[in-house]
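The values are calculated or read from the model by the stated rules, or taken from the named source; none is laboratory data. Fair warning: this is a prediction, and the values are worked out from it, not measured in the lab. Neighbour counts are summed over all protein chains in view; Cβ atoms, including those assigned to glycine, are modelled from backbone coordinates with ideal geometry. Note: areas computed on protein heavy atoms with side chains; ligands, DNA, RNA excluded. Shrake-Rupley method; radii C 1.70, N 1.55, O 1.52, S 1.80 Å.
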Amino acid sequence: MDRTHLQALTALVGDARISTRPDDLTVYGKDWTKAVPNPTAVIFPKTTDEVSRILRYCHEHKIRVVPSGGRTGLAGAANAIQEELVISLEKMNHILKIDPINLSVTAEAGVIIETLQKAAKEAGLFYPVDLAAKGSCQLGGNIATNAGGLKLIRYGGTREQVLGLEVVLADGTILDLDYDLRKNNIGYDLKHLFIGSEGTLGIITKATMKLVSLPKELRLTCMASASFEQVTKLLGLVNFRGIQPTAFEFFTHECLELVLKHSKQRKNPFQEKSPLYVLLEIEKQPEGAPDPLEPFLETAFESGLITDAVIASNSAEFQNLWGLRENISESVAMEGHVRKNDISLPISSLPGFIAEMQKILGKVRGVQMFLFGHIGDGNLHLNYSGPFQQNYDEFRSITRDTEKEVFELLKTFRGSISAEHGIGLLKKADLHYCCPPEALTLMQKIRAVFDPHGILNPGKIFD
Ligand code: FAD
Ligand code: ZN
């Protein structure tokens, strides 16, 4: 971008809200993935109107832009590596309205998810999308990636919470779809196109999201189990008993050891080692109603689905058990190079798929594998890890070959290569494993309608 463009953009927001400082370019030019950030500038609009004027200018002059949220993405979708203008939403961070009758919250896109959760709680309500990145990720980023998270099994993911959106299109047009309606059948529901579009169809500036009643006090158990077959049956037992989990997560013993190594405050609740651990969280029953958890655990023991279990008896134990699951990603990042896979399958296919996948992973040398995730949603996070001393290209080449084999297998099970993290830059070469060519062609046509000059997040999802 030449000096004239920079001056024109500066005139739109003022000197203080555009930066070309190298440290800003480095910080705002990438997400959590490995990349060499290379944006030209970072601009910080404060209003929808400013976003509109910035995009109108960029559209006219064919300046490529990268919408930027909390930069916690795991697919490289927020990376600016081709001299783009980064448009950061972080200064559009106001909660505009909480409506306790409609059970909804309207907020600007740059609001941090944890802030949104706290505001809902202060109003006696609950915003149910919850993920370990909540302290940094933003509402707009969550919508643009359709973030899933830890409570999807009970409340659905981000898509299920969106009631309305305000979006600025590539040419600067402000598209006001920000309705607070539970029912609204007026033809194509365009807001859904922006959910999960990874900043390629428009910049989300405002959203109205569903809220729910505050959950009752929570009960949490961590169970040790011998195999994925047992874990799947355990979920079957949960369903059969009519227990409504607010979370059903799993991790392997290798993940547990890694978290204990890197997070010294976490404690192992078990004496004996077990291949797998499952966290089951439920709401406490109303006063006087029988507790479903202990009889459930008894049956699970008697039928051999679990070999041990602990129930959190106070908030420190509760935090500790959740920490064992939530600290896995950051522990893997501390351990060495990481390559993340985020796959999903029909839950009933998991044991068969994992047995086949273990054969593929069993052949790999020089790389460790950490398996964990939202198993109650059929979502597995497979993280490959290599020591920092290992040459990165070598690590990449070993993991790439393995990953391709795993994706081939996944295809035969009709699974997805991205359950929740999205495609971004990292997974676009693998989109064909689960996206039929006809669907890809339609996506390309839709993108061309919304952004004829191809300025919005170019190179992301597909070329
Ligand atoms: P960014 O990373 O900044 O951007 C992501 C994409 O959204 C990019 O394409 C960007 O261009 C686009 N974008 C951002 N803001 C806007 C906007 N206003 N308008 C249009 N496009 C925009 N993800 C899950 O789904 N579930 C999890 O459980 C989960 N756990 C995580 C745990 C950790 C420790 C970390 C680091 C990440 C985790 N993630 C998880 C991934 C990540 O947090 C999500 O993808 C999140 O939704 C990204 O939000 P963000 O604000 O950081 O977006
Ligand atoms: Zn996840």
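Before moving on, here are some points about what is shown:
- Close pairs from segment 223-241: first closer than 20 Å to LEU324 by Cβ, partner open to solvent by 60 Å² or more (accessible area, probe 1.4 Å), Cβ under 8 Å, at least 6 apart: ALA224/GLU272; ALA224/THR307; SER225/PRO275; SER225/THR307; ALA226/PRO275; ALA226/THR307; SER227/PRO275
- Just so you know, in segment 381-428 the residues that are more than 16 Å from ligand 2 (Cβ to nearest atom), of a type outside the set (A, V, I, L, M) and touching a Gly at 6+ places or on another chain (Cβ under 6 Å) include one that is most open to solvent (accessible area, probe 1.4 Å), and it is PHE388.
- Restricting segment 87-143 to residues that are away from ligand 2 (no atom under 16 Å from the Cβ), farther than 30 Å from LEU6 by Cα and part of a loop (DSSP other than H, G, I, E, B), the residue that is most open to solvent (accessible area, probe 1.4 Å) is ILE101.
- Residue count, segment 311-350 (criterion: within 30 Å of TYR384 (Cβ to Cβ) and either away from ligand 2 (no atom under 16 Å from the Cβ) or among the aromatic types (Phe, Trp, Tyr) (or both)): 11
- In this structure, LYS460 does not qualify as on the phi < 0 side of the Ramachandran plot and not in a loop (DSSP other than H, G, I, E, B).
- You will find that of ILE347, ILE343, the residue that is farther than 13 Å from CYS255 by Cβ and surrounded by fewer than 21 Cβ atoms within 10 Å (Cβ to Cβ) is ILE347 and no other.
- Residue check, GLY378 closer than 26 Å to LEU425 by Cα and open to solvent by less than 10 Å² (accessible area, probe 1.4 Å): yes
- In segment 194-217, the count of residues that are assigned to a helix (DSSP H, G or I) and not small (Gly, Ala, Ser) is one or more.
- Of the helices (runs of 4 or more DSSP H) lying entirely inside segment 306-422, the ones with 2 or more residues being within 13 Å of ligand 1 (Cβ to nearest atom) and farther than 24 Å from GLY157 by Cβ are found at 328-335.
- Of the listed requirements (1) open to solvent by 40 Å² or more (accessible area, probe 1.4 Å); (2) part of a helix (DSSP H, G or I), ARG447 misses just one: (1).
- Criterion (open to solvent by less than 10 Å² (accessible area, probe 1.4 Å), closer than 30 Å to LEU293 by Cβ and not aliphatic (A, V, I, L, M)) met by exactly one of SER225, SER213: SER225
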